[in-house]
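Quick notes on the structure that follows.
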Amino acid sequence: MPRLSLFKPEKGNDYTFQDRNISEMFQIGGTDAYIHKYVSPVDQGELNDASQPQLSGDSLNELAIQDMLLLENRDRKYEPDVYHTRVIYNVSDIDFDLSQFGLFLQNDQLFMTFHIKDIVEALGRKIMSGDVIELPHLKDDHSLDETDTEALKRYYVVEDVSRSAEGYSKTWWPHLYRVRVKGITDAQEFRDILGDKDENVSQKTRDKDIEINTAVVDQAESDAPQSGYNTKQLHVMPTDEEGKVALVTVDDDDLLTDTGHINVDKVYQTPQANGYLEGYLTGDGIPANGETYTAATTFPANPVVGMFVLRTDYAPNRLFRYDGKRFVKIEDNVRQTMTQSSTRNTQKTGFINNNNTTTLADGSSTTPERVALSKLLKPQADN
């Protein structure tokens with residue numbers, strides 16, 4: 001008597017019968033799915049970067065990697081033809097979570113099930129990461145934007161593909177793919193599907209995102225025009241070395257009647273420091289209590305105790321006070337807008353907007369001081 005076994009090393013009639021029934025189940029109970037087939041990265045031409053692969057000709061395929069450092073394909077090419085198949089998945093409610101960091105989508109991932117034989121026959125290969133799935137039954141025919149004449153389409157990008165545990169038959173052969181997908185955004189990767197920025201594409205949100213970001217920046221500029229805080233209206237009581245109130249009296253030896261920076265009704269000495277400079281980028285280069293100061297590129301030849309000098313040849317401008325022996329630094333004029341621009345003087349701005357070049361030791365070669373990580377960290381062959 002032959003040994004009884006459900007498993008057979010070949011896919012015989014039993015496998016074909018069960019696979020045909022499963023495919024029929026998808027045709028009856030499944031929904032349409034349009035597949036935008038990922039082809040390869042876009043041909044970048046000749047690159048002057050030894051760390052990146054030179055992709056052209058036969059090397060441009062779905063297995064090629066555009067950026068070897070980040071392991072991603074930002075510029076993707078999709079076939080113009082759209083492939084039709086059937087899919088089954090569980091429809092779930094889409095919930096948004098409004099937190100302190102903004103509006104987030106809680107369940108933005110779906111798990112879809114495809115019939116292996118049907119999807120391979122449709123695409124000519126198995127479904128893979130990067131393919132985009134369009135579900136026509138999720139189209140929104142009622143847009144709030146009256147200028148949109150087309151229905152709003154719903155696209156999902158494939159992130160992971162595996163064999164479904166429920167897709168194994170009694171003969172131990174798999175019949176189903178379990179695909180993890182995520183809704184696409186108006187990103188660079190999907191320009192081949194959504195179209196260019198200037199085209200009337202219903203799902204395009206980049207212009208609206210830029211408009212929202214600009215409005216947020218404008219409101220921030222209105223609420224806080226500059227860094228730090230305004231200290232001009234705050235009074236600082238000047239003190240001497242013993243901590244007592246520093247007064248200007250007529251018996252001061254260095255007090256002259258023709259001193260230009262001291263008024264005749266002056267009572268207090270100028271403060272030795274600004275007591276309200278705690279914080280990030282709070283100095284404004286203006287003396288406390290509205291004291292007069294001199295803006296110049298050099299110190300005066302005959303300084304008077306308590307006088308302020310703003311050195312405009314410093315970057316940023318620096319405020320000094322003469323204490324009788326030396327010019328003491330009070331503060332730097334560093335208050336500025338916190339919006340990113342090329343005119344800001346912070347160290348972060350100088351790092352991000354660094355367009356300087358450095359001359360190498362040979363005296364003729366130059367290199368930019370700002371270098372992308374993809375060019376700086378070049379992968380080396382490990383033999």
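The values are calculated or read from the model by the stated rules, or taken from the named source; none is laboratory data. Treat the numbers as computed from the prediction; the structure is a model and nothing was measured. No Cβ is skipped: glycine too gets one built from the backbone with ideal geometry, and neighbour counts run over all protein chains shown.
Every listed requirement among (1) in contact (Cβ under 8 Å) with a residue 12 or more places away in the chain; (2) exposed (fewer than 13 other Cβ atoms within 10 Å of the Cβ) is met by T185 save one, (2). Every condition in (1) at pLDDT 90 or above; (2) over 25 Å from F114 (Cβ atoms); (3) aliphatic (A, V, I, L, M) holds for L70 except the one numbered (1).
Evaluating S227 against the criteria (1) of a type in the set (G, A, S); (2) modelled with pLDDT of 70 or more; (3) within 24 Å of G306 (Cβ to Cβ) leaves one unmet condition, (3).
If the condition is being touching a residue at least 24 places away in the same chain (Cβ under 8 Å) and not hydrophobic (A, V, I, L, M, F, W, C), then the range 1-14 contributes K8, K11, D14.
Within the range 318-334, the set of residues being in contact with a strand residue (DSSP E or B) (Cβ under 6 Å, 6 or more places away or on another chain) and either surrounded by 15 or more Cβ atoms within 10 Å (Cβ to Cβ) or in a loop (DSSP other than H, G, I, E, B) (or both) comprises R318, L319, F320, R321, F327, I330, E331, D332.
Go through the residues of the range 276-292 one by one and say whether even a single one is out of contact with any strand residue (DSSP E or B) (no Cβ under 6 Å at 6 or more places or on another chain), over 28 Å from M338 (Cα atoms), modelled with pLDDT under 85 and among the charged types (D, E, K, R). No - not one qualifying residue is present in the range 276-292.
Here the range 110-137 is the region considered, the condition is being more than 35 Å from the chain's Cα centre (by Cα) and among the β-branched types (V, I, T), and the residue that is surrounded by the most Cβ atoms within 10 Å (Cβ to Cβ) is I119.
Criterion applied to S129, S143 was being closer than 16 Å to H36 by Cα and hydroxyl-bearing (S, T, Y), and the one residue passing it is S129. For first residues located in the range 15-36 and touching a residue at least 12 places away in the same chain (Cβ under 8 Å), partners that are of a type in the set (S, T, Y) and not in a strand (DSSP E or B) and lie 6+ apart or on another chain with Cβ distances below 6 Å form the pairs Y15/T171; Q18/S169. The residues of the range 145-180 that are of a type in the set (A, V, I, L, M, F, W, C), crowded, with 17+ Cβ neighbours inside 10 Å and assigned to a strand (DSSP E or B), listed by number, are V157, V158, V161, L176, V179.
Got at least one residue in the range 156-163 being among the hydrophobic types (A, V, I, L, M, F, W, C), more than 27 Å from the chain's Cα centre (by Cα) and under 18 Å from I94 (Cα atoms)? No: zero hits.
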